[in-house]
2 protein chains.
Amino acid sequence: MPYTYETNGAAIYAESFATIRSEAKLDRFDADEERVAVRMIHAAGLIGLEEHIRFSSDVVVHARDALKAGAPILCDARMVSEGITRKRLPADNQVICTLHAPEVADLASGLGTTRSAAALELWRPHLGGAVVAIGNAPTALFHLLEMLESRDCPRPAAIIGCPVGFVGAAESKAALWAAGTVPCVIVQGRLGGSAITVAAINAIASPAE
Amino acid sequence: MPYTYETNGAAIYAESFATIRSEAKLDRFDADEERVAVRMIHAAGLIGLEEHIRFSSDVVVHARDALKAGAPILCDARMVSEGITRKRLPADNQVICTLHAPEVADLASGLGTTRSAAALELWRPHLGGAVVAIGNAPTALFHLLEMLESRDCPRPAAIIGCPVGFVGAAESKAALWAAGTVPCVIVQGRLGGSAITVAAINAIASPAE
């Protein structure tokens, strides 16, 4: 059986984004936010996701400026760090995931938390001015909020906080939004995940569609 | 502000899966399929995903037996290959992603298709009896179906076909289902993606929850 389908990558992107813009309710976003939201919807394959996306004031500008200035991107999972398109990064930015560092298991035992959360302790030397991308573990986002309770903890420039799931995801994102101390993007509720998080970073990193 | 949340990984999984089993409509699945569907819903954070999941007859058994016999897992994207939990694999199975092989760009130009599709040409030596995991590109799934039109092309043991998006995703999965030549798992329509695909592989690889 012959199969007929679009094989031009640029055409696939253009048609996908046109479909999203015709079907999704994007009116409440400014131009920067809209581009990010479109790419997040694209990654999820889900019209309606936009209803759950929240951008704090000027977060896209803050995050983009940080990346242009060379900020590293700190990721909670390898699916996030591997998904980020290196060619879109404006300053050959470092992409860091500490989850599989050898000391993480002991850190997790010592702190009485998950490995995903404990791995963030290794972010401290990189955290000042960084762009954070949490797309998997609610415990990682909660742990970051706890770290930021201390005045000694360096502040990231922006947090893309999109952990996914049924236990703690909605709560951790609501807590990030309520804390209001760092510019952030969240997906309210259970939806989220590595693909949506990667899409937000890729959209912030470059205006290219 | 103190944050109260579950920090025990096993407890988080147990509570998540219990929530999914209380909310999702899983009656039409057999026991093997149910475990896979639960983990796919978990990865997506989306009750209702189950309505779009289709398992061909005994696909979970076919795929699990292949993995136990040492079959490699062939992935269309690094987000898929990185997400697979190596500890769950029953035979220290190889996990292969050819997308970033140096010859892929030239292959894509020569074939007039995307890099994601062209990369599958490099699967041929591994394809016989393999478990395929396509979680990103509809063009990759279409290209695999085209390869399988030839009698000379080795047959995989099973295909997890869950590309995502707005152009070709629904069509490529419908074509896989209609072809009926290889046991498969699909998510009908636009939904899909690397996390859902990884979840299916992780669930098939081990009964551990």
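Every number here is computed from the coordinates shown, using simple stated rules; none is lab data. The model shown is predicted, which means the values in this text are computed figures rather than measured ones. Cβ atoms come from the backbone with ideal geometry, glycine included; neighbour counts cover every protein chain shown.
Looking at the range A:134-141, can you tell me whether even one residue there is within 17 Å of A:S206 (Cα to Cα) and not β-branched (V, I, T)? Lay out the reasoning, then the answer.
Of the range A:134-141, the ones within 17 Å of A:S206 (Cα to Cα) are none.
Scanning the range A:134-141, I find no residue that is within 17 Å of A:S206 (Cα to Cα) and not β-branched (V, I, T), so the answer is no.
List the residue pairs whose Cβ atoms are under 8 Å apart, where the first residue sits in the range A:62-83 and is within 14 Å of chain B (Cβ to nearest Cβ), the second is part of a helix (DSSP H, G or I) and of a type in the set (K, R), and the two are 6 or more positions apart or on different chains.
Between residues of the range A:62-83 that are within 14 Å of chain B (Cβ to nearest Cβ) and residues that are part of a helix (DSSP H, G or I) and of a type in the set (K, R), the close pairs are A:E82/B:R78; A:G83/B:R78.
Of everything in the range B:172-192, what is in contact (Cβ under 8 Å) with a residue 60 or more places away in the chain, within 13 Å of chain A (Cβ to nearest Cβ) and part of a loop (DSSP other than H, G, I, E, B)? Give them in sequence order.
B:G180, B:Q188, B:G189, B:L191
Could you run through the range A:31-46 and say how many residues are without any contact (Cβ under 8 Å) to a residue 40 or more places away in the chain, within 8 Å of chain B (Cβ to nearest Cβ) and at negative phi?
Of the range A:31-46, the ones without any contact (Cβ under 8 Å) to a residue 40 or more places away in the chain are A:31-34, A:37, A:41, A:45.
With within 8 Å of chain B (Cβ to nearest Cβ) added as a condition, the list becomes A:45.
Narrowing further to those that are at negative phi: none.
So the count comes out to 0.
Any idea which of A:G128, A:G168 is touching a residue at least 12 places away in the same chain (Cβ under 8 Å), out of contact with any strand residue (DSSP E or B) (no Cβ under 9 Å at 6 or more places or on another chain) and surrounded by fewer than 18 Cβ atoms within 10 Å (Cβ to Cβ)?
Numbers: A:G168 fails: surrounded by fewer than 18 Cβ atoms within 10 Å (Cβ to Cβ).
Exactly one residue qualifies, and that residue is A:G128.
Is there a residue being more than 9 Å from every other protein chain (Cβ to nearest Cβ) and not in a helix (DSSP H, G or I) anywhere in the range A:11-24?
yes
Can you give me the number of residues within the range A:121-149 that are assigned to a helix (DSSP H, G or I), within 14 Å of chain B (Cβ to nearest Cβ) and in contact with a Pro (Cβ under 6 Å, 6 or more places away or on another chain)?
Result for the range A:121-149: 2.
Rundown of residues vs (1) within 23 Å of A:Y13 (Cα to Cα); (2) assigned to a loop (DSSP other than H, G, I, E, B); (3) of a type in the set (D, E, K, R), yes/no style:
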residue: B:C153; (1), (2), (3): no, yes, no
residue: B:I159; (1), (2), (3): no, no, no
residue: B:A170; (1), (2), (3): yes, no, no
residue: B:A195; (1), (2), (3): yes, no, no
residue: B:I201; (1), (2), (3): no, no, no
residue: B:A208; (1), (2), (3): no, yes, no
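Would you mind finding the one in B:A205, B:A195 that is facing chain A (nearest Cβ under 9 Å), buried (at least 21 other Cβ atoms within 10 Å of the Cβ) and at negative phi? Steps first, answer last, please.
Working: B:A205 fails: facing chain A (nearest Cβ under 9 Å).
The match here is B:A195.
Considering the range B:95-120 alone, what residues qualify as being surrounded by 14 or more Cβ atoms within 10 Å (Cβ to Cβ) and more than 14 Å from chain A (Cβ to nearest Cβ)?
If the condition is that a residue be surrounded by 14 or more Cβ atoms within 10 Å (Cβ to Cβ) and more than 14 Å from chain A (Cβ to nearest Cβ), then B:I96, B:T98, B:A101 are the ones that fit.
Give the residues of the range B:147-165 that are free of Cβ contacts under 8 Å to residues at least 40 places away in the same chain and surrounded by fewer than 24 Cβ atoms within 10 Å (Cβ to Cβ), sorted by residue number.
If the condition is that a residue be free of Cβ contacts under 8 Å to residues at least 40 places away in the same chain and surrounded by fewer than 24 Cβ atoms within 10 Å (Cβ to Cβ), then B:M147, B:L148, B:E149, B:S150, B:R151, B:D152, B:C153, B:P154, B:R155 are the ones that fit.
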